[in-house]
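Chemist: First the structure, then my questions, so here it is.
Derivation of every value follows stated rules applied to the coordinates shown; laboratory data play no part. Everything quoted here is computed from the prediction, not taken from an experiment. Glycine also receives a Cβ, built like all others from the backbone with ideal geometry; neighbour counts cover every protein chain displayed.
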Amino acid sequence: MRMTRAVRRWMTAGAVVAFTTGGAACATLGRATFTEPVVTLREFNVTGLGLTGGSIDVVLSVYNPNGYKLDALSMTYQVDVDTIKLGSGALDGRFVVPGKDSSRVRLPVRFTYAGLGAAGRSLVAAGTVNYRVRGDFTVSTPLGNFTRPYDRTGRYSSVSGNGR
């Protein structure tokens, strides 16, 4: 039995519609079951000092509350100390966060002394300083790729050496 050209077109169109609808439903279901990772400042290390500023490595802890690993493809960030922008950038290297576990991510940040003065005085005087880290990350999961923002505030203590 031979199919006519019109029947083949209708079957092809039906297959395309079914495939597209199924893909959209899976993506919607995937986003609904995806829980955002929790990003926390853990430490920072001075890596260089110059006449006008320097560089530090900011170490973040990224906790994955999902039951599957997250393969991070990229991450952007901005680090503020008190209300002063310390630095920003993008991390293009991949990193993996196992399911129900944490990974540490090291971010290079360049700063100027003028921008860091007030925050540095607060850290020296009180031993603590408020921070905010924000940006977005793109992760590859079994449910597809997701780009999501993150925004975390806390208080860094030089005594304990970590953020809360």
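Chemist: How much FRET efficiency would the formula 1/(1 + (r/R0)^6) give for Asp71 and Val46, where r is the Cβ-Cβ distance and R0 is 25 Å, rounded to 0.05?
Modeler: The formula returns an efficiency of 0.20 here.
Chemist: How large is the charge dipole for segment 36-155, taken about the Cα centre, if only the Cβ atoms of Lys, Arg (+1) and Asp, Glu (-1) carry charge, to the nearest 20 debye?
Modeler: Here segment 36-155 has a charge dipole of around 140 debye.
Chemist: With a cut-off of 8 Å between alpha carbons and a minimum separation of six or more residues, what is the relative contact order of segment 36-155 in percent?
Modeler: 29 percent
Chemist: Among Lys85, Lys69, which comes first, second and so on when ranked by fewest other beta-carbon atoms within 10 Å?
Modeler: Starting with the residue having the fewest Cβ neighbours, the order is Lys85, Lys69.
Chemist: Projecting each Cα onto the charge dipole of segment 36-155 (Lys/Arg +1, Asp/Glu -1 at the beta carbon, about the Cα centre), which of Ser74, Val96, Ala119 comes out farthest on the positive side?
Modeler: Going by the Cα projections, it comes out as Ala119.
Chemist: For segment 36-155, what is the largest minus smallest coordinate of the Cα atoms on each principal axis, given in angstrom and ordered from greatest to least?
Modeler: Here the spans come out as 47, 26, 19 Å, largest first.
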